[in-house]
Every structure is written in structure tokens, then in C-alpha cells.
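*Asks:* Here's a structure for you.
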Amino acid sequence: YQRRVRGIQKLAEMVPNCKDEMGTKRTGGPTQTGMGQKSNCGVLQKTVNFIQELQIAHSQVVERLQEQNQVLVEMAKVRETLKRVEQENLLLRNQLQNHGIEPVAAQNPVSRPNQ
């Protein structure tokens with residue numbers, strides 16, 4: 001019995017807004033600090049609710065991480081495409097120069113942050 005009470009008390013300490021479930025109980029004699037059956041149920045219910053909230057929050061975090069990973073993959077693809085297009089552009093500029101045509105500098109060059 002005492003182990004169960006200590007376990008419930010530990011849950012009440014760990015779960016937010018659960019300490020108010022701990023109170024006093026009467027055992028036929030003087031009032032003792034502890035928890036009654038009703039308090040035990042309240043602590044357990046709040047614990048279940050808290051675990052459910054944590055599971056939902058965990059799922060949301062996992063979902064956001066997956067989205068971020070997808071964005072990173074897409075960014076890597078875009079960087080590769082940009083690199084390929086820049087190389088192709090340089091090649092075409094060189095071909096123009098080889099044929100006596102001076103390429104015009106780009107009006108709005110793409111500005112990129114340092115990678």
C-alpha cells in the first residue's frame with residue numbers, strides 16, 4: 001500500500017497542476033497528510049491526460065522535423081540545379097566569346113548567401 005501511495009505521490013510531483021490533488025485524509029483518527037481514493041483517481045487521470053498531451057506534442061515535433069528534412073533535400077536539389085545552370089551559362093558565354101560576340105553582363109545577378 002505504501003509503495004502505491006509513494007508512486008501516486010511521485011506522479012503528482014511530476015505532472016503539472018497535479019499537486020493540488022494531494023490533500024489530507026481522515027483514517028478514523030486525527031487528520032493525516034496523504035491522499036484519498038478520489039485524489040488517487042484525480043492524479044491518475046491528470047497523468048493520463050499529460051501523457052496524451054506529450055504524445056501529441058511528440059507527433060507534432062516529428063512531423064515538423066520530417067518537413068524540415070524535406071525542405072533541406074529540396075534546397076540541396078535547387079543548389080545542384082543552380083550550380084549546373086551556372087556552369088552551363090559559363091560554357092555558353094565562352095562559346096559566344098569564341099565566335100567574337102561579347103556577352104552582356106547580367107542586369108540582376110542572383111545574390112546568394114555564403115554557403
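*Asks:* Confirm whether Val48 is open to solvent by 90 Å² or more (accessible area, probe 1.4 Å) and at pLDDT 95 or above. First the steps, then the outcome.
*Replies:* Details: open to solvent by 90 Å² or more (accessible area, probe 1.4 Å): no; at pLDDT 95 or above: yes.
Answer is no for this residue.
*Asks:* Would you say Gln97 is farther than 19 Å from Val5 by Cα, at pLDDT below 95 and assigned to a helix (DSSP H, G or I)? Reasoning before the result, please.
*Replies:* Details: farther than 19 Å from Val5 by Cα: yes; at pLDDT below 95: yes; assigned to a helix (DSSP H, G or I): yes.
Yes, satisfied.
The values are calculated or read from the model by the stated rules, or taken from the named source; none is laboratory data. Since we're looking at a predicted model, the values are computed, not measured. Side chains included, ligands, DNA and RNA excluded: accessible areas come from the protein's heavy atoms. Shrake-Rupley method; radii C 1.70, N 1.55, O 1.52, S 1.80 Å.
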